[in-house]
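Peer 1: Please find one structure pasted underneath; my questions will follow.
The values are calculated or read from the model by the stated rules, or taken from the named source; none is laboratory data. Treat the numbers as computed from the prediction; the structure is a model and nothing was measured. As a convention, Cβ positions derive from the backbone with ideal geometry for all residues, glycine included, and neighbour counts pool all protein chains shown. Heavy atoms of the whole protein, side chains included, go into the accessibility calculation; ligands, DNA and RNA do not. Shrake-Rupley method; radii C 1.70, N 1.55, O 1.52, S 1.80 Å.
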Amino acid sequence: MNTIGSLCSGIGGLELAVGGTPLWVAENNDAAGAVLAARFPGVPNRGDWTDPDVWPNLDPVDIIVAGLPCQPVSNAGNQKGTDDDRWLYDDLHRLLGHMADRGNFPMLFLENVSAIRTVDGGAALRRTIRGLASLGWVGRYGCVRASDV
């Protein structure tokens with residue numbers, strides 16, 4: 001069975017979709033943290049994963065899942081994209097680089113809204129794809145409606 005680590009965990013839906021209980025979660029929203037504690041009893045919540053002091057507490061896993069905040073790119077927001085303070089991909093890139101140095105996690109699942117493809121003329125998605133490629137990741141992306149799953 002694969003071990004899962006979860007960043008921007010929300011209520012833990014992506015973890016369930018990937019197929020299991022995470023070894024650790026990292027969610028700094030108190031309400032979401034309460035849902036995670038109920039959904040995954042005994043699973044430690046590492047809190048603010050953007051803080052490099054937290055990184056040594058993230059045990060090696062096979063799969064990392066992350067539902068990065070959608071506000072920077074959402075059609076419902078101001079669509080500041082990579083200029084939004086809530087754009088966390090750059091923090092994720094640093095963390096993934098750190099974890100890759102430790103030889104961890106062969107799989108990565110990121111989730112966001114479909115507008116990431118078009119905000120800033122596609123700059124947000126390009127930045128994400130290029131950043132992952134710079135770390136050696138090769139993958140694919142697509143849009144899936146909630147009603148499809």
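Peer 1: Taking Cα atoms, how many degrees apart are the long axis of helix 30-39 and the longest axis of the chain, rounded to 10 and kept between 0 and 90?
Peer 2: The angle comes out at about 50 degrees.
Peer 1: Could I ask something else about it? State to the nearest 20 debye the size of the charge dipole of the chain about its Cα centre, where the only charges are +1 on K and R beta carbons and -1 on D and E beta carbons.
Peer 2: About 500 debye.
Peer 1: Run lengths n ≥ 4 of DSSP H only: what is the helix-derived mean residue ellipticity at 222 nm for the chain, with -39500 (n - 2.57) per run over all residues, to the nearest 500?
Peer 2: The per-residue figure over the chain is -8000 deg cm²/dmol.
Peer 1: For segment 51-121, take N as its residue count and report Rg(C-alpha) divided by 2.2 N^0.38 Å.
Peer 2: Normalised by 2.2 N^0.38 Å, the Cα Rg of segment 51-121 equals 1.24.
Peer 1: Using 0.36 nm times the number of residues separating D48 and L135, minus their current alpha carbon distance, what extension gain do you get?
Peer 2: Contour length minus Cα-Cα distance gives 29.1 nm.
Peer 1: Still on this structure, I have one more. What percent does the relative contact order of the chain come to when contacts are Cα pairs within less than 8 Å and at least six residues apart?
Peer 2: 21 percent
Peer 1: Here's something else I'd like to know. Given a 1.4 Å probe, how much area per residue of segment 1-67 is accessible, in Å²?
Peer 2: 46 Å²
Peer 1: What share of all Cα pairs of the chain, in percent, falls into each consecutive 5 Å distance bin?
Peer 2: For the chain, the pair-distance distribution reads 2, 9, 19, 22, 22, 17, 8, 1, 0.
Peer 1: Of the chain, which part is the longest with no trypsin sites (Lys or Arg not before Pro) in a loop (DSSP not H, G, I, E, B) and with at most 13 other C-beta atoms within 10 angstrom?
Peer 2: Details: sites that count: R86, R102, R140, R145.
The longest such stretch corresponds to 1-85.
Peer 1: Binning every alpha carbon pair distance of segment 9-95 at 5 Å from zero, what are the percents per bin?
Peer 2: Answer for segment 9-95: a P(r) of 3, 13, 22, 24, 20, 11, 5, 1 percent.
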